[in-house]
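Below you'll find the structure, written out as structure tokens, and then a few comments.
The values are calculated or read from the model by the stated rules, or taken from the named source; none is laboratory data. Here the structure is a predicted model, which means the values were calculated and not measured. Neighbour counts are summed over all protein chains in view; Cβ atoms, including those assigned to glycine, are modelled from backbone coordinates with ideal geometry.
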Amino acid sequence: MNRPRNLLLYIWLAALAMLSAYYLYRAVDYRFLHADRLGPSLFNKQLWYFSHALLALPVVFGAPLQFLPKLRQSAPRVHRWIGRTYVIGASGAATLAIYLGATTEYEGSRLSIVLTGMLWLFFTLAAWKAAVARNFVAHRAFMIRSYTLALVLVWLRVMYDFQDQLFFYVQDEELRDATREWASWVVPLLVVEFWISWLPQVKSNKSFKSKPLRGST
Ligand code: HEM
């Protein structure tokens, strides 16, 4: 990778880490520093909120390091250990997110959160499997997808802060909440798919020319 591209990558990762820390602080403040929002008892949500947030910590602070080319090259063992912590943390946090999403009081958000959780879990496990099989092209692609969904923590709250500009056309408050919930993962995932899978395929004429479809003349 050349120098300007490296610099852009560092700036982008640093920005994501800072945004994650800021929105994590806001999420913790919202849920854990107001007793009435934490759920009625230990097993009725309190433990699950707490475990979800705790398991997601290595995701927030470990993931940006995993994309640094220098760290991967000079300290592959560190990359491997952070990676293992990421997979355990993200898998646990995603599983709990599925439960929290299925039982959230906001009906319009339920399906969206459950799907995000399932995809987040699938992308994380697929990335891990690809790394074990030493298929590093697939490993990189699935890690980018997994981290993109982990960052729903950020995308959702950025969209909340700018909702008057982004969702001005949705007047009904409940409909606006549901639209934001869906947009917070569908839009970033589409952008990432465009970048890592669709654009490279369009650029390589080969993939269009090779192998005619079965049954075509
Ligand atoms: C690294 C990423 C993440 C971190 C650090 C994180 C952290 C947190 C924290 C601190 C809370 C409590 C604050 C609140 O309820 O708003 C929370 C709640 C929640 N998170 Fe996450 N989260 C992450 C990613 C995700 C993802 C990707 C999903 C979706 C699959 C998700 C689903 C949920 C749900 C459903 C709740 C409960 C919301 C409610 O009951 O209203 N989280 N998360």
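Among residues that are at negative phi, in a helix (DSSP H, G or I) and within 9 Å of the ligand (Cβ to nearest atom), Trp81 is not included. Among the residues of segment 51-61, is there at least one that is more than 10 Å from the ligand (Cβ to nearest atom) and surrounded by fewer than 13 Cβ atoms within 10 Å (Cβ to Cβ)? Within segment 51-61, none of the residues are more than 10 Å from the ligand (Cβ to nearest atom) and surrounded by fewer than 13 Cβ atoms within 10 Å (Cβ to Cβ). Under the condition of being under 23 Å from the mean Cα position of the chain (by Cα) and either surrounded by 12 or more Cβ atoms within 10 Å (Cβ to Cβ) or touching a residue at least 12 places away in the same chain (Cβ under 8 Å) (or both), the residues counted in segment 23-45 number 8.
Conditions tested, residue by residue: (1) modelled with pLDDT of 95 or more; (2) within 9 Å of the ligand (Cβ to nearest atom).
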residue	(1), (2)
Ala15	yes, no
Leu24	yes, yes
Val28	yes, yes
Ala35	no, no
Leu47	yes, no
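With respect to the stated conditions, Arg157 is touching a helix residue (DSSP H, G or I) at 6+ places or on another chain (Cβ under 6 Å), among the basic types (Lys, Arg) and on the phi < 0 side of the Ramachandran plot.
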